[in-house]
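The values are calculated or read from the model by the stated rules, or taken from the named source; none is laboratory data. The structure displayed is predicted, hence computed values, not measured ones. FYI the Cβ positions are ideal-geometry reconstructions off the backbone, even for glycines, and counts take in every protein chain you see.
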Amino acid sequence: MAKLLVTGGAGFVGVNFVRYWRKYHPADAVIVLDALTYAGNAASLVDVKDVSLVHGDIRDFGLLTKLLLERQIDVVVHFAAESHVDRSIHGPDEFVDTNIIGTHVLLKAAKAVWLDTGSGTPHRFHHVSTDEVFGSLTPQETGFSEITPYRPNSPYSASKAASDHLVRAYHKTFGLQVTTSNCSNNYGPYQFPEKLIPLFTINALLGRPLPIYGDGGNVRDWLHVGDHCCGIERILEAGKPGETYNIGGGEELPNLAVIDHICRCVDDAFITKPELRRRFPNAPAANGKSSAILKKHVSDRKGHDRRYAIDETKIRCELGYTPKHSFGSGLEDTIQWYINNEEWWRSVMDGSYRDWMKLNYVSE
Ligand code: NAD
């Protein structure tokens with residue numbers, strides 16, 4: 001039986017990972033450590049049984065060593081981060097503090113407990129990172145592999161790149177048993193509605209503009225969050241300490257194609273469920289029009305990377321990982337989830353999700 005500390009487990013990918021792990025590894029203990037920043041939502045975990053949520057910061061060395069020792073943690077899965085590129089352009093400081101300093105404090109605590117005082121206790125530190133550390137590809141270049149040189153372009157990707165290097169250094173220098181995964185754009189349930197897919201779905205339902213950066217031709221690889229969790233599971237079970245693994249969905253698409261797909265899914269949902277017209281009267285689809293009329297091109301993001309793509313040969317061949325979701329069906333399910341979970345995103349939009357204390361759920 002393993003004892004997992006999941007940092008950032010109240011954020012989008014962390015929540016999905018905790019739910020996945022509870023389902024497929026019910027004997028393991030799962031402790032979430034989350035600072036509950038604007039992106040952390042304790043309500044996303046409230047129905048998950050046998051998870052302990054600790055409200056705290058990865059920059060708090062004392063809290064970390066106490067948790068690792070007292071809860072006898074043997075696996076850390078590190079998701080906690082500032083994750084939104086646009087926010088990193090407007091305010092990079094928090095990204096440096098959380099993503100670089102925070103990861104370093106976590107590494108120091110793991111070293112102190114597992115190596116210095118625990119003298120070699122079996123352990124694993126898995127660091128979750130992004131393909132954005134590799135920079136931008138031209139249309140002709142092949143996808144990022146694990147040996148692609150780092151060329152981060154945004155404060156977000158630069159801070160994640162720095163954290164990846166620290167994780168690597170703690171393995172090479174001190175022997176910490178680390179693995180790192182660099183994955184592409186995730187989509188799925190519980191994603192904060194500042195990111196493309198939830199934002200555009202909700203805006204299409206509410207009849208608000210769909211703001212498209214530049215010409216909309218930026219290309220991303222899309223990974224269903226369930227497949228991401230599966231990839232991390234394979235790495236925890238069979239990955240080699242010191243190694244990095246790229247995880248992708250094998251679904252490269254320009255943003256415009258993703259947006260058109262969202263519009264079609266929302267329009268179709270109104271055809272199959274006419275009752276949506278009453279719930280979302282301002283949606284174009286409620287009035288027989290296409291959601292696509294809401295599309296609006298806006299100035300491009302500063303330093304916007306043109307294309308990301310992943311070569312996931314290593315994780316497929318060495319660990320037997322294969323993504324199970326196609327983008328088409330994964331997107332339909334995701335849009336259905338946002339339609340069926342209006343209360344969840346309304347509470348984020350009106351700010352009431354910040355009243356997490358009322359949930360009587362945060363344990364420390
Ligand atoms: P998110 O922004 O939804 O969640 C981040 C979580 O970390 C939140 O719950 C937040 O409260 C918590 N957090 C922030 N600062 C903290 C601190 N100092 N101490 C403790 N907790 C803190 O992010 P996400 O989309 O779930 O991403 C999770 C991880 O996956 C990140 O490391 C991100 O870089 C990586 N990643 C995400 C994607 C994606 O598409 N979402 C893609 C590639 C990599």
Residue check, Tyr213 against (1) surrounded by fewer than 21 Cβ atoms within 10 Å (Cβ to Cβ); (2) over 26 Å from Gly303 (Cα atoms); (3) hydroxyl-bearing (Ser, Thr, Tyr), all met but one. Which one? (2)
Can Asp60 be described as farther than 29 Å from Asp131 by Cα, out of contact with any His (no Cβ under 9 Å at 6 or more places or on another chain) and surrounded by fewer than 18 Cβ atoms within 10 Å (Cβ to Cβ)? no
List the pairs whose first member sits in the stretch 80-97 and is more than 21 Å from Ala10 (Cβ to Cβ), whose second member is away from the ligand (no atom under 11 Å from the Cβ) and of a type in the set (Ser, Thr, Tyr), and whose Cβ atoms are under 8 Å apart, counting only residues at least 6 apart or on separate chains? Ile89/Ser154
Among Ile235, Ile262, which is the only one that is modelled with pLDDT of 95 or more and closer than 30 Å to Arg124 by Cβ? Ile235
Would you be able to tell me the number of residues in the stretch 21-47 that are of a type in the set (S, T, N, Q) and either over 28 Å from Asp97 (Cβ atoms) or more than 6 Å from the ligand (Cβ to nearest atom) (or both)? 2
Among residues of the stretch 5-20 being surrounded by 24 or more Cβ atoms within 10 Å (Cβ to Cβ) and more than 8 Å from the ligand (Cβ to nearest atom), the residue farthest from Phe192 (Cα to Cα) is Leu5
Scan the stretch 242-262 residue by residue and report those that are touching a Pro at 6+ places or on another chain (Cβ under 9 Å) and under 22 Å from Gln336 (Cβ atoms). Gly249, Glu251
Select, from Ile89, Ile147, Ile100, the only residue that is away from the ligand (no atom under 15 Å from the Cβ) and outside any loop (DSSP other than H, G, I, E, B). Ile89
Within the stretch 274-364, which helices (runs of 4 or more DSSP H) (wholly inside it) include 1 or more residues that are within 21 Å of Ala43 (Cβ to Cβ)? 276-279, 327-340, 342-349
Pairs, first touching a residue at least 60 places away in the same chain (Cβ under 8 Å) in the stretch 108-122, second outside any loop (DSSP other than H, G, I, E, B), C-beta under 7 Å, six or more apart: Ala110/Leu68; Ala110/Val76; Ala110/Phe125; Lys111/Tyr170; Lys111/Phe174; Leu115/Phe174
If you check Gly175 against the conditions, is it surrounded by fewer than 17 Cβ atoms within 10 Å (Cβ to Cβ), modelled with pLDDT of 95 or more and either closer than 22 Å to Asn99 by Cβ or over 13 Å from the mean Cα position of the chain (by Cα) (or both)? yes
Can you name the residue in the stretch 151-160 that is crowded, with 17+ Cβ neighbours inside 10 Å and not hydrophobic (A, V, I, L, M, F, W, C) and, of all such residues, is farthest from the ligand (Cβ to nearest atom)? Asn153
Residues of the stretch 106-130 being surrounded by fewer than 20 Cβ atoms within 10 Å (Cβ to Cβ) and in a helix (DSSP H, G or I), which ones? Lys108, Lys111, Ala112, Leu115, Asp116, Thr117
Exactly one of Leu223, Leu196 is farther than 22 Å from Ile100 by Cα, within 12 Å of the ligand (Cβ to nearest atom), at pLDDT 95 or above and among the hydrophobic types (A, V, I, L, M, F, W, C), and that residue is Leu223
Here's a check for you: in the stretch 48-60, which residue that is more than 12 Å from the ligand (Cβ to nearest atom) and touching a helix residue (DSSP H, G or I) at 6+ places or on another chain (Cβ under 9 Å) is nearest to Ala158 (Cα to Cα)? Val51
Determine if the stretch 245-260 includes at least one residue that is closer than 13 Å to Ile335 by Cα, aliphatic (A, V, I, L, M) and within 16 Å of the ligand (Cβ to nearest atom). yes
Could you give every pair whose Cβ atoms fall below 6 Å, whose first residue belongs to the stretch 327-346 and is in contact (Cβ under 8 Å) with a residue 60 or more places away in the chain, and whose second residue is among the polar types (S, T, N, Q) and assigned to a helix (DSSP H, G or I), counting only separations of at least 6 or pairs across chains? Ile335/Thr201; Tyr338/Thr201
